[in-house]
Structure formats: C-alpha cells, structure tokens
1. Which FRET efficiency value, to the nearest 0.05, is calculated for residue 26 and residue 54 with the Förster distance at 30 angstrom and r the Cβ-Cβ distance?
2. Just want the ordering: 25, 65, from fewest to most Cβ atoms lying within 10 Å of their own Cβ.
3. Would you mind estimating how fast the stretch 15-75 diffuses translationally, via Stokes-Einstein at 10 °C and 1.306 mPa s with the Kirkwood radius over Cα pairs, in µm²/s?
4. Mind sorting 125, 95 by how few other Cβ atoms lie within 10 Å of their own Cβ, fewest first?
5. Which of 73, 18, 32 comes first, and how do the rest follow, when ranked by fewest Cβ neighbours within 10 Å?
6. In the stretch 33-61, whose amide N lies under 15 Å from the spot 7 Å out along Cα-to-Cβ of residue 83? List them in ranges.
7. Considering Cα pairs under 8 angstrom that are at least six residues apart, work out the relative contact order of the stretch 6-82 and quote it in whole percent.
8. Given a cut-off of under 8 Å on Cα pairs at least six residues apart, what relative contact order in percent is computed for the chain?
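Each value in this text was obtained by applying a stated rule to the coordinates, not by laboratory testing. Keep in mind the model is a prediction, meaning the values are calculated, not measured. Cβ atoms come from the backbone with ideal geometry, glycine included; neighbour counts cover every protein chain shown.
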C-alpha cells in the first residue's frame with residue numbers, strides 16, 4: 001500500500017472492533033467498548049495503539065486492518081495473539097508433611113500454587129534430587145502436585 005493515501009486503520013479483539021482511525025473524519029479517532037480493552041487515547045494514532053490496565057480478560061486474538069483510500073481501497077489485515085500472564089501473589093504452600101522421616105517411611109504431601117497464568121510448574125526435590133510425579137490434581141484456580149513415594 002506504499003504511496004496510497006490512508007483511508008482507515010481498525011483494531012479488533014476477536015471479531016469486535018474497538019478502535020478506528022479515519023484521518024478524513026472529525027474526530028479521526030473512535031473508540032468502542034470491548035471486554036478487557038482500554039485504549040490510551042493520547043498515545044494512539046494511525047500508526048500505533050496503546051492499551052491500559054491489562055488484565056486476564058485482555059488476552060485474545062487482536063487484528064489490525066489497514067485500508068487505502070479511493071480508488072483502490074486495498075486492505076491488509078494482520079492478526080496476532082496477546083497473552084496476559086499473572087504471577088502468583090503468594091509463594092507455594094506445602095501441606096501434609098512432617099518435619100522428620102526415617103529411612104523407609106512413606107512421604108505424602110501436597111504443594112499448591114494459586115492463581116497463576118500460565119499455571120506454575122511445581123517440582124519436588126529430596127536432598128537436591130528431583131522426585132518423579134506420582135499424583136497430579138488441579139482444582140479450579142490452583143496448580144497443585146501431590147507426592148506419594150517410598151524413598
């Protein structure tokens with residue numbers, strides 16, 4: 001679209017248009033509601049878009065559509081994924097463990113990490129040696145790994 005005049009730039013989250021820049025209109029910028037999307041008006045124009053207050057609801061497919069003015073009205077669309085990550089607010093918690101074990105004892109315990117996206121990767125170690133997983137259970141909103149092994 002080199003050398004052609006700009007007709008419009010549109011941004012979509014999924015199929016919902018949330019931003020339009022049309023230089024020949026007054027005002028040239030229009031913003032529409034979309035879940036998880038808050039446009040920073042003062043930092044957005046025909047060549048860049050700035051989003052504020054990202055949350056997990058902001059994750060999704062975003063598309064930018066650029067159209068040339070008459071007579072061609074050539075249009076190009078580019079789509080990409082935006083993933084908002086959330087780190088756990090607290091350290092993982094371990095439950096069901098005793099402070100001491102004897103050789104041959106069975107060790108049972110649970111390590112849980114809450115509210116992270118993507119889910120946290122939890123690994124058990126005994127005396128610096130990684131333990132093979134025996135049990136795996138994930139209640140909604142948590143990441144947990146239980147162990148049940150002979151050592």
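1. The formula returns an efficiency of 0.50 here.
2. In order of increasing Cβ crowding within 10 Å: 25, 65.
3. It comes out at roughly 123 µm²/s.
4. The most exposed by this proxy come first: 125, 95.
5. On the way: 73 11, 18 22, 32 14.
Listing 73, 18, 32 from fewest to most nearby Cβ atoms yields 73, 32, 18.
6. In the stretch 33-61, the label zone of residue 83 (backbone N under 15 Å from the point 7 Å along Cα→Cβ) covers 56-61.
7. That works out to 31 percent.
8. Rounded, it is 17 percent for the chain.
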